1. Testing the spin-label approximation: label points 7 Å from Cα along Cα→Cβ at Ser184 and Asp54. State their distance in nm.
2. Considering only protein heavy atoms, what per residue accessible area in square angstrom results for the chain with a 1.4 angstrom probe?
3. Using a 1.4 Å probe on the protein chains only, how many percent of the accessible area of the stretch 36-188 belongs to carbon and sulfur?
4. May I ask you to compute the full-extension gain from Glu161 to Asp214, defined as 0.36 nm times their residue separation minus their alpha-carbon distance, rounded to one decimal in nm?
5. Quick one: net charge around Ala45, please, counting Lys, Arg +1 and Asp, Glu -1 for every other residue with C-beta under 12 Å from its C-beta.
6. Which FRET efficiency, nearest 0.05, do Ala204 and Ala138 yield, Cβ-Cβ r, R0 51 Å?
7. Compute the separation of the alpha-carbon centres of the stretch 70-122 and the stretch 213-238 and state it in Å as a whole number.
8. Separation between the Gln6 and Ala33 pseudo-spin-labels, each 7 Å from Cα along Cα→Cβ, expressed in nm?
Amino acid sequence: MSMGQQFRALHDRGGAFILANAWDIGSAKMLAAMGAQAIATSSAAHAFTLGQPDGTVTRDQALAHAADIVAAVTVPVQGDFENGYSDTPEGTAQTLRLAAQAGLAGICIEDVPFGGDTVYDFDLAVAKIRAAATAARALPDDFVLTARADGIMIGAYDIDEAIRRLQAFAAAGADCLYAPMPASMDDLAQIVAQTDKPVNALVAGPFARHSRADFAAIGVARLSLGSALARATHRTIHDAATAMFDTGDFSALGNGLNGSIVDALLPKE
């Protein structure tokens, strides 16, 4: 079974499997060793490792990063590929083909221009997903295309428009649907109920208060972390450094994970 087939098989409505977002080889290896069935990159978390804000990583950088993660683990890997790094259907399809060549089992594509705070026109957004889906079906191996309605997260449109877009993305050939950070679990349940493809939910912000069972109960197929886990590590850096530099307090350093535990999760090649 190919990685794409393995990845697709995880997407059961109500299964709520955890797609663990890693930001470097070490985090990917740790997450896989601790039970992650699939790994995803995160555009924001990757950018942080480069000392850059989200929305500034190039396609070539994202592809190289994804290839490193693929080589580091033995589970399927999905790439977070922004808007497909193109404003055109043709360019989006080319990005998908390059992602497959990098060994990815799938990618997600947003309806927000790269680095922007607006959304694509409805027809263009759908055309981009249709072109990507056509490219995916032409590949020699299975490949999971996730279409994202990100306008709901940035306040560009409401849940009705998000659902309209997700339904159109599904009809255009998307395999998985994703509208990150709707207003509530009730809205997320509405998204699941009004679409017929597996739905991804982002476990961040207020949604982190809910359990995996809560998401499964409303029919969510997949749970991704985005940059939330990476930002949790940045919280540790921020709080420990604040204490060190402001008051000379090093006590937070006593809470670190034992090095032997980390070593055991990072087997040598």
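1. Result for the modelled spin labels: 2.4 nm.
2. I get 45 Å² per residue for this part.
3. Of all accessible area on the stretch 36-188, carbon and sulfur atoms account for 50 percent.
4. Value of the extension gain: 16.6 nm.
5. Neighbourhood net charge equals -2.
6. 0.90
7. 20
8. Label-label distance for Gln6 and Ala33, simple model: 1.8 nm.
The values are calculated or read from the model by the stated rules, or taken from the named source; none is laboratory data. Please read all numbers here as calculations on a predicted model, not as lab measurements. Heads up, the Cβs are rebuilt from the backbone with ideal geometry, glycines too, and the neighbour counts pull from every protein chain shown. Surface areas here come from the heavy atoms of the whole protein model, side chains and all, with no ligands, DNA or RNA. Shrake-Rupley method; radii C 1.70, N 1.55, O 1.52, S 1.80 Å.
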